1. Of all residues in segment 82-99, count the ones that are closer than 19 Å to Ile118 by Cβ and out of contact with any helix residue (DSSP H, G or I) (no Cβ under 7 Å at 6 or more places or on another chain).
2. List pairs: first residue in segment 60-77 and closer than 14 Å to Leu93 by Cβ and of a type in the set (Lys, Arg), second residue surrounded by 14 or more Cβ atoms within 10 Å (Cβ to Cβ) and modelled with pLDDT of 90 or more anywhere in the structure, Cβ distance under 6 angstrom, at least six positions apart or on different chains.
3. Please verify whether Lys19 is in a helix (DSSP H, G or I), closer than 26 Å to Val135 by Cβ and free of Cβ contacts under 8 Å to residues at least 24 places away in the same chain, treating the condition exactly as stated.
4. Pick from segment 31-56 the residues that are surrounded by 14 or more Cβ atoms within 10 Å (Cβ to Cβ) and of a type in the set (Ser, Thr, Tyr): which of them is modelled with the lowest pLDDT?
5. Against the condition surrounded by 19 or more Cβ atoms within 10 Å (Cβ to Cβ) and either of a type in the set (A, V, I, L, M) or assigned to a helix (DSSP H, G or I) (or both), how does Leu77 come out, does it pass?
6. Considering (1) surrounded by 14 or more Cβ atoms within 10 Å (Cβ to Cβ); (2) within 15 Å of Pro40 (Cβ to Cβ); (3) more than 12 Å from the chain's Cα centre (by Cα), say which one Asn99 fails and leave the rest.
Amino acid sequence: MSMDRYLVKSYSDNIAGTKIGIGKMMQLLEQYNNAVIVVPSIAKVDETMFTSVLGDKLSKQLIKNRSIITKGKIISLCEQKTLNDYTNYDVYLDLWGSNKSISEIESSRLCKAVILVIWLPQDFECWTEKYKPQVIYDDHFYFKMV
């Protein structure tokens, strides 16, 4: 089975990249049934770009319940260390992912699409060399244009 791969080159705390990643996940949910958002740590996600982009109500529901249903689609939230418990999802949004988290997602047999929003350049180099994801946003390109 083929997997669609998307890369958001959003370095450090640029909220635009997080918005692009979440937007792409929502777009893919028009086609697929469920998605999981992977974050480094749920305990530290409150009051970050995550909550700014999703909004207070939705982000609090996800943080508290770990899963919500919206428009008939399931969106779940997990942290990197529990990712192996989330192997049955169609779409993975790896926010501020690492080589370890993206490798675990790649090993999921049911994954149909993955969006990686990076924090540091070295977080994606091996993955892009191997899989050639579609770059849907690049901070460096954007800032050169402005």
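The values are calculated or read from the model by the stated rules, or taken from the named source; none is laboratory data. As the structure is a computational prediction, the values presented were derived from the model and not from experiment. Cβ: placed from backbone, ideal geometry, glycine included. Neighbour counts: every protein chain shown.
1. Residues of segment 82-99 closer than 19 Å to Ile118 by Cβ: 83, 91-99.
Subsequent filtering for residues that are out of contact with any helix residue (DSSP H, G or I) (no Cβ under 7 Å at 6 or more places or on another chain) retains 96.
Result for segment 82-99: 1.
2. Lys73/Leu29
3. On the way: in a helix (DSSP H, G or I): yes; closer than 26 Å to Val135 by Cβ: yes; free of Cβ contacts under 8 Å to residues at least 24 places away in the same chain: no.
Considered against the rule, which asks whether it is in a helix (DSSP H, G or I), closer than 26 Å to Val135 by Cβ and free of Cβ contacts under 8 Å to residues at least 24 places away in the same chain, Lys19 comes out as no.
4. We begin by selecting, within segment 31-56, every residue surrounded by 14 or more Cβ atoms within 10 Å (Cβ to Cβ); these are 32, 34-40, 42, 45, 48-51, 53-54.
Subsequent filtering for residues that are of a type in the set (Ser, Thr, Tyr) retains 32, 48, 51.
Working: Tyr32: 96, Thr48: 67, Thr51: 75.
Selected residue: Thr48.
5. Criteria met by Leu77.
6. Among (1) surrounded by 14 or more Cβ atoms within 10 Å (Cβ to Cβ); (2) within 15 Å of Pro40 (Cβ to Cβ); (3) more than 12 Å from the chain's Cα centre (by Cα), Asn99 violates only (1).
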